[in-house]
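Below is one structure, written out as structure tokens; comments come after it.
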Amino acid sequence: MRFQNLIHVSGAVMLSVLSLSTAHDTVYGATGGEPAAVAQVDIAPCLAATSADDMDKASSACAEVIDNEKTAKADLIKALIARGALLARHDQIDRAIADDSRALQLDPALADIFNARGELWLKKGDKPKAVQDFGAALKIDPNHEKAKANHKAMARELERIGAQMAVAGKPSFNCRTTARAVEKAICGNRELADLDREIFASNARVIREAQNAGQARALQREQDDFIARRNAGYGRPGYDLKKAMQERLKRLNGADGY
């Protein structure tokens, strides 16, 4: 009986040893020695699909790489950048920004990706974030040509927007000193104030571009006549101040809007 028990115990131990040996062989190889190499995630199908602009294949091939915890960091960054570029080409802007952002979290020294994400922010209409990314690209690489051009263009645009905001809702004249009812009405309405300022600026432009002094004087007389009609017509039945100002601006800017 004791012998039989010993046989059962020995068998259990043997099974345990065999199990451990199997596990050991799985990790270290059947012959022992160095650990067996962990199978690497194949990034090639993802890169091939994105390069071929194949959204269907890239969707699965890149997901297998990006969502795999065993993917090497360098390969993960490559897959994110490749998929982000593909998504951007297909106007999936938010998803492209997400991939670029994750790549930048993994490697914040990617000037090209900061610039690429800046261009995506620009497509979304988020100009401050675009400028921020272009600036980040230039901090990494001061000679980055695309980032320099983008940053310069956006800096000018933001400056122009800032100037517009500074005068938004303000007409071409001083509201504090005006006495005419029509001018007070313009001062009290942001849309009319903006129209007045645009008319003033457009009139100045057409006079500046006049071919000679005589033409310039004629253009100014036309503007003076409009102001006189506006002052006289305001408050009378049927007179539409906004419509009159819009028509004057259209005449100044021409059919092409300039």
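Looking for whichever is touching an Asp or Glu at 6+ places or on another chain (Cβ under 6 Å), of a type outside the set (A, V, I, L, M) and in a helix (DSSP H, G or I) here; the options are Gly118, Gly135. Which one fits?
On inspection, the qualifying residue turns out to be Gly118.
Taking segment 192-206 as the range and being surrounded by fewer than 18 Cβ atoms within 10 Å (Cβ to Cβ) and not charged (D, E, K, R) as the test, the residues that pass are Phe200, Ala201, Ala204.
Could you say which residue among Leu106, Leu47 is under 23 Å from the mean Cα position of the chain (by Cα), at pLDDT 95 or above and open to solvent by 30 Å² or more (accessible area, probe 1.4 Å)?
Leu106
When the criteria are applied in full, Arg95 meets the requirement of being part of a helix (DSSP H, G or I) and open to solvent by 70 Å² or more (accessible area, probe 1.4 Å). Scanning segment 81-92 for residues that are assigned to a loop (DSSP other than H, G, I, E, B) and either open to solvent by less than 70 Å² (accessible area, probe 1.4 Å) or touching a helix residue (DSSP H, G or I) at 6+ places or on another chain (Cβ under 7 Å) (or both) yields His90, Gln92.
Picking from residues in segment 178-191 that are part of a helix (DSSP H, G or I) and open to solvent by less than 60 Å² (accessible area, probe 1.4 Å), the one that is nearest to Gln246 (Cα to Cα) is Ile186. For the condition assigned to a helix (DSSP H, G or I), farther than 19 Å from Ala185 by Cα and at pLDDT below 95, Ala216 qualifies.
Does at least one position in segment 156-163 carry a residue that is surrounded by 15 or more Cβ atoms within 10 Å (Cβ to Cβ), in contact with a helix residue (DSSP H, G or I) (Cβ under 9 Å, 6 or more places away or on another chain) and not polar (S, T, N, Q)? Checked against the condition, which is being surrounded by 15 or more Cβ atoms within 10 Å (Cβ to Cβ), in contact with a helix residue (DSSP H, G or I) (Cβ under 9 Å, 6 or more places away or on another chain) and not polar (S, T, N, Q), segment 156-163 yields no hits at all. Note on segment 56-80: residues that are aliphatic (A, V, I, L, M) and open to solvent by 50 Å² or more (accessible area, probe 1.4 Å) total 2. Among the residues of segment 229-237, at least one is farther than 18 Å from Lys170 by Cβ, in contact (Cβ under 8 Å) with a residue 12 or more places away in the chain, assigned to a helix (DSSP H, G or I) and among the polar types (S, T, N, Q).
The values are calculated or read from the model by the stated rules, or taken from the named source; none is laboratory data. Computed from a predicted structure; not experimentally measured. Please note: Cβ atoms are built from the backbone with ideal geometry, for glycine as well, and neighbour counts cover all protein chains shown. Please note that ligands, DNA and RNA were not included when accessible areas were found on the heavy atoms of the full protein model with its side chains. Shrake-Rupley method; radii C 1.70, N 1.55, O 1.52, S 1.80 Å.
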